[in-house]
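Student: Take this structure, written in structure tokens, and hold onto it; I'll ask about it next.
The values are calculated or read from the model by the stated rules, or taken from the named source; none is laboratory data. This is a predicted model, so every value here is computed, not measured. Methodologically, a virtual Cβ is constructed for each residue, glycine included, from the backbone with ideal geometry; neighbour enumeration extends over all protein chains shown.
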Amino acid sequence: MSRRRSGVLPFLFAGAIGAGCLSHEGPTPSAASGGTAPRPKAARPTRIDAGDGAVAYLIESHELPLVDLSISFRTGSAFDPAEKLGLTRIFARMLRRGAEGWTSDRVEEMIDRYGAEIGVDASASTITVHAQVIRRNLEPFMALLTAMLAKPTFAPDELARLQREAVAEIIEARDSDRSLAGSFFRKALFGAHAYGRRGTTKTIPTITRDDVVAFHAKHVVRANVVLGISGDVSEADVRSLILPLVGALPKGAALADPTEEPAPIKGRKLLIVDKPARSQTQILIGGLGTRPDDPDHFPLHVANTVFGGTFTARLMAQVRSKRGWSYGAYSRLPIDRRREAFSMWTFPSATDAAPCVALELELLEALVKDGITQEELEFAQGFLAESYAFDIDTAYKRVRQAVDEELYALPGDYHTRYVERVRGVTLAEANDSLRARIPVEDLVIVVVGTAAQIKEPLEQAIPRLASVEVVPFDQE
């Protein structure tokens, strides 16, 4: 299971956050000695009531004169109307394209002058503005951020330019076989569900300025705001310099997430994304996975680590090390507010695609049928517990854990008890979770390659295949 947030591919699909880990307490095995070494407790964020439903989390860290800030909204592309897919991401990117008193060029100029960085992410469930600024420029920088969020201009010429850029990005992304595999996989698995939808070259040009203005009015309200703040800043600074941004937003009503639970698919479905002259393929195989509030969420997390979560996991050992079919072979279990996908990813040559798919299915069936061993369990637990340190090695990462708890409705102790829960998984729990959650018979198998070369071998390689579909790579 990936333990970190997935990157966002503009207008293709936004990965959910990785299930994973955070502040831990108590002794843990020392990588150097093989024994146990006390690990200092990582500072937990201070929760600050920002008023009218908004909350902020703060960790002070004065080693460097920098302030890291995230401004997140409990909303995302799940709210996009079917005929306006891409609206949320267009809106998010428009925030940088001008505000009252600030042209787009002026915004960019002042970001540089303040020694700052700003990035915007949008997914099905959230919108987040990430920022970093030199401490001495925090006050004027907050004035800029406040204008961007409270009084964006949404200039028609900037909207038209951004729409052209977005359409061009979609077309350009067709050159990336990996991006194609990801977007077609999510569409095949989730269908019309919010986790499978994306903006298209047809829907993005239909988005009007009125659509963007209405989205801002409905979604950018105090009750939807979650702030994450870390660095060279005190609580008094937060209250005097940062929280006025929240006060500049309208009160509004908090929005309930409209996302339904995704429906599982039935049977093994092969989707070939036909792209000419491919000597290599991209393969994603999977079905529905886990939710963070599942009682067997952590056992499944540990078991999946054995299967495809490390460089020495079963998938990697069999696909890469033993046969040399693919440079990498991984399995993932990301999380979101609703049940996300389980997937296996490989990228063999076209001639190896069919045997590689057959092997992956065989390994998956064996995993569910026979489970993992006690030795594998203990190795995965040690790996997860030790590598957890990389999830809390900066104040900003720790404060983002608290923000994610709010945004994704995670259990309140998801992060604080992560290592304890990983360490507490029993062999029986891990193997029971595999049988309960991994859908070996209900899978989407997406292969990007040249259909004339791979279709027949794939059909013969997949046992109990329910359906086969071939689609052109530029189909939306």
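Student: Modelled with pLDDT of 95 or more, surrounded by fewer than 19 Cβ atoms within 10 Å (Cβ to Cβ) and on the phi < 0 side of the Ramachandran plot: is that true of residue 94 in this structure? Spell out the reasoning first.
Tutor: Details: modelled with pLDDT of 95 or more: yes; surrounded by fewer than 19 Cβ atoms within 10 Å (Cβ to Cβ): no; on the phi < 0 side of the Ramachandran plot: yes.
Here the answer is no, as residue 94 does not meet what is asked.
Student: Right, here's the next one. Could you grab me the full set of residues in the stretch 386-414 that are more than 19 Å from residue 254 (Cα to Cα) and among the acidic types (Asp, Glu)?
Tutor: 386, 391, 393, 413
Student: Please give the number of the condition residue 294 fails out of (1) of a type outside the set (Lys, Arg); (2) touching a strand residue (DSSP E or B) at 6+ places or on another chain (Cβ under 7 Å); (3) assigned to a loop (DSSP other than H, G, I, E, B); (4) under 22 Å from residue 125 (Cα atoms).
Tutor: (2)
Student: Based on what the data block shows, is residue 259 hydroxyl-bearing (Ser, Thr, Tyr), buried (at least 20 other Cβ atoms within 10 Å of the Cβ) and assigned to a loop (DSSP other than H, G, I, E, B)? Can you show your working first?
Tutor: Details: hydroxyl-bearing (Ser, Thr, Tyr): yes; buried (at least 20 other Cβ atoms within 10 Å of the Cβ): no; assigned to a loop (DSSP other than H, G, I, E, B): yes.
When the stated conditions are applied, residue 259 does not pass them.
Student: Check off (1) surrounded by 22 or more Cβ atoms within 10 Å (Cβ to Cβ); (2) touching a strand residue (DSSP E or B) at 6+ places or on another chain (Cβ under 8 Å) for residue 223 and give me the number that stays unchecked.
Tutor: Result: residue 223 passes all but (1).
Student: Could you go through the stretch 62-74 and let me know if any residue there is touching a Pro at 6+ places or on another chain (Cβ under 6 Å), in the same structural domain as residue 116 (by TED's automatic domain parsing) and modelled with pLDDT of 95 or more. Before the answer, list the steps.
Tutor: Step one: list which residues in the stretch 62-74 are touching a Pro at 6+ places or on another chain (Cβ under 6 Å), which gives none.
No, because not a single residue in the stretch 62-74 is touching a Pro at 6+ places or on another chain (Cβ under 6 Å), in the same structural domain as residue 116 (by TED's automatic domain parsing) and modelled with pLDDT of 95 or more.
Student: Among all residue pairs at least 6 apart or on different chains, which show Cβ distances below 6 Å where the first residue, located in the stretch 244-268, is more than 24 Å from residue 194 (Cα to Cα) and in contact (Cβ under 8 Å) with a residue 24 or more places away in the chain and the second is surrounded by 15 or more Cβ atoms within 10 Å (Cβ to Cβ) and among the polar types (S, T, N, Q)?
Tutor: 245/146; 248/146
A quick yes/no check of all residues on (1) polar (S, T, N, Q); (2) in contact with a Phe, Trp or Tyr (Cβ under 8 Å, 6 or more places away or on another chain):
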| site | (1), (2) |
| --- | --- |
| 223 | no, no |
| 232 | no, no |
| 236 | no, no |
| 240 | yes, no |
| 244 | no, no |
| 255 | no, yes |
| 300 | no, no |
| 313 | no, yes |
| 322 | no, no |
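Student: Residue under question is residue 310, and the condition is that it be assigned by TED's automatic domain parsing to the domain that holds residue 273, over 24 Å from residue 181 (Cα atoms) and surrounded by fewer than 21 Cβ atoms within 10 Å (Cβ to Cβ); does it hold?
Tutor: On the way: assigned by TED's automatic domain parsing to the domain that holds residue 273: yes; over 24 Å from residue 181 (Cα atoms): no; surrounded by fewer than 21 Cβ atoms within 10 Å (Cβ to Cβ): yes.
Judged against the criteria, residue 310 is not a match.
Student: Being modelled with pLDDT of 95 or more, of a type in the set (Gly, Ala, Ser) and in the same structural domain as residue 136 (by TED's automatic domain parsing) is true for just one of 217, 192. Which residue is that? Give the steps one after another, and end with the answer.
Tutor: Working: 192 fails: modelled with pLDDT of 95 or more.
Every option except 217 fails the conditions.
Student: Considering only the stretch 316-342, how many residues are touching an Asp or Glu at 6+ places or on another chain (Cβ under 7 Å) and of a type in the set (Asp, Glu)?
Tutor: Residues flagged as touching an Asp or Glu at 6+ places or on another chain (Cβ under 7 Å) and of a type in the set (Asp, Glu) within the stretch 316-342 amount to 0.
Student: Being in a helix (DSSP H, G or I) and crowded, with 17+ Cβ neighbours inside 10 Å is the requirement here; does residue 188 meet it?
Tutor: Numbers: in a helix (DSSP H, G or I): yes; crowded, with 17+ Cβ neighbours inside 10 Å: yes.
Criteria met by residue 188.
Student: Can you name every one of the helices (runs of 4 or more DSSP H) wholly within the stretch 39-152 that holds 2 or more residues which are touching a residue at least 24 places away in the same chain (Cβ under 8 Å) and within 19 Å of residue 226 (Cβ to Cβ)?
Tutor: Numbers: elements: 87-94, 104-113, 138-150.
Where helices (runs of 4 or more DSSP H) fall fully within the stretch 39-152 and carry at least 2 residues being touching a residue at least 24 places away in the same chain (Cβ under 8 Å) and within 19 Å of residue 226 (Cβ to Cβ), they are 87-94, 138-150.
Student: In the stretch 156-185, how many are more than 29 Å from residue 271 (Cα to Cα) and crowded, with 17+ Cβ neighbours inside 10 Å?
Tutor: The total comes to 4.
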